[in-house]
Amino acid sequence: MRTLGLLGGISWVSTLDYYRYLNEGVNAALGGLNFAECVVYSLNFNDIQQRGWDDWEHTHALLLKGCLHLQAAGAEAIVLCANTAHVMAERLEAAVGLPIIHIATATAREISQQRLQTVGLLGTRFTMELPFFRDKMRQHGIETLIPEAQHTRDFIQRTLRDELGRGLASPATKSAYLEVIRQLIARGAEGIVFGCTELPLLLSPADVPVPVFDTTRIHVEAALEFALGAANIEQLIRPK
């Protein structure tokens with residue numbers, strides 16, 4: 001089994017899911033008392049948020065520090081436990097010299113397997129507006145729709161940071177997100193990408209009338225594929 005390095009704390013709430021799903025996945029594949037060999041480095045999310053993700057040099061320095069700790073601890077690949085962090089994926093990969101398992105590449109592969117051509121994307125403002133996620137989709141022939149109104153994207157950004165990032169989920173916020181999803185489907189989205197690792201705290205596939213792509217679970221499955229190799233991944237049962 002290969003050792004995975006998890007760069008977490010962005011936020012800690014979803015990092016818990018990564019750790020649990022990885023261990024459940026390894027045990028589902030190998031049985032017995034087998035669990036994931038992994039190293040976790042958890043950032044202080046406030047160090048990013050007080051200057052904002054888009055102070056990119058500052059963000060890169062913080063992420064690189066974590067990646068270097070993981071490298072020194074013996075990680076053989078890095079899992080960035082947040083969609084937005086993948087803005088820096090290629091740059092971090094070059095600096096650290098370890099493969100970074102890209103969340104958008106894994107998600108595009110999953111969508112392609114279901115033969116969908118257009119999906120709606122929900123995530124932080126940076127995930128929705130910057131090209132790093134949508135470019136991966138485009139490379140697989142997938143069109144990505146995001147909420148049209150700036151105030152809607154700002155609302156999603158604010159609630160992801162101030163509510164879900166703290167483990168809070170309100171019925172009013174859920175209702176607003178479902179309306180955004182309804183609008184994306186009306187514009188032609190055949191599936192919805194939960195492009196923030198905190199979104200499953202608020203929404204489930206049962207809430208949405210089209211296929212849902214939970215990037216946390218998809219990312220974990222790609223990490224398991226790296227850790228276990230093709231022979232074992234064929235036996236993998238998705239964590240429940």
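The values are calculated or read from the model by the stated rules, or taken from the named source; none is laboratory data. These figures come from a predicted structure and were not determined experimentally. Cβ sites come from the backbone with ideal geometry, for glycine too, and all protein chains shown count toward neighbours. When the accessible area is computed, the model is the full protein with side chains, heavy atoms only, and any ligands, DNA or RNA have been set aside. Shrake-Rupley method; radii C 1.70, N 1.55, O 1.52, S 1.80 Å.
Cβ separations smaller than 9 Å between residues 6+ apart or across chains give the following pairs from the stretch 137-166 residues that are among the aromatic types (Phe, Trp, Tyr) to residues that are open to solvent by 30 Å² or more (accessible area, probe 1.4 Å) and assigned to a helix (DSSP H, G or I): Phe155/Ala176. Could you grab me the full set of residues in the stretch 58-108 that are touching a residue at least 60 places away in the same chain (Cβ under 8 Å) and touching a Cys at 6+ places or on another chain (Cβ under 7 Å)? Result: Ile78, Asn83. Being among the polar types (S, T, N, Q), within 19 Å of the chain's Cα centre (by Cα) and not in a helix (DSSP H, G or I) is the filter here, so list the residues in the stretch 131-180 that pass it. Hit for the stretch 131-180 is Thr144, nothing else. Among the residues of the stretch 191-218, those that are touching a Ser or Thr at 6+ places or on another chain (Cβ under 7 Å), under 19 Å from Ala172 (Cα atoms) and in contact (Cβ under 8 Å) with a residue 40 or more places away in the chain comprise Phe194, Cys196, Glu198, Pro200.
Here's the yes/no breakdown for (1) touching a strand residue (DSSP E or B) at 6+ places or on another chain (Cβ under 9 Å); (2) open to solvent by less than 30 Å² (accessible area, probe 1.4 Å); (3) farther than 15 Å from Glu221 by Cα:
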{"residue": "Arg20", "(1), (2), (3)": "no, no, no"}
{"residue": "Gly25", "(1), (2), (3)": "no, yes, no"}
{"residue": "Leu33", "(1), (2), (3)": "no, no, yes"}
{"residue": "His69", "(1), (2), (3)": "yes, no, yes"}
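Yes/no per residue for (1) within 19 Å of Val119 (Cα to Cα); (2) touching a His at 6+ places or on another chain (Cβ under 6 Å); (3) basic (Lys, Arg); (4) modelled with pLDDT of 90 or more:
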position: Asp154; (1), (2), (3), (4): no, no, no, yes
position: Pro171; (1), (2), (3), (4): no, no, no, yes
position: Leu178; (1), (2), (3), (4): yes, no, no, yes
position: Ile181; (1), (2), (3), (4): yes, no, no, yes
position: Ala186; (1), (2), (3), (4): yes, no, no, yes
position: Gly195; (1), (2), (3), (4): yes, no, no, yes
position: Leu201; (1), (2), (3), (4): no, no, no, no
position: Pro205; (1), (2), (3), (4): yes, no, no, yes
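I'd like the full set of residues that are open to solvent by 10 Å² or more (accessible area, probe 1.4 Å), under 15 Å from the mean Cα position of the chain (by Cα) and not hydroxyl-bearing (Ser, Thr, Tyr), limited to the stretch 1-18. If the condition is that a residue be open to solvent by 10 Å² or more (accessible area, probe 1.4 Å), under 15 Å from the mean Cα position of the chain (by Cα) and not hydroxyl-bearing (Ser, Thr, Tyr), then Trp12, Val13, Leu16, Asp17 are the ones that fit.
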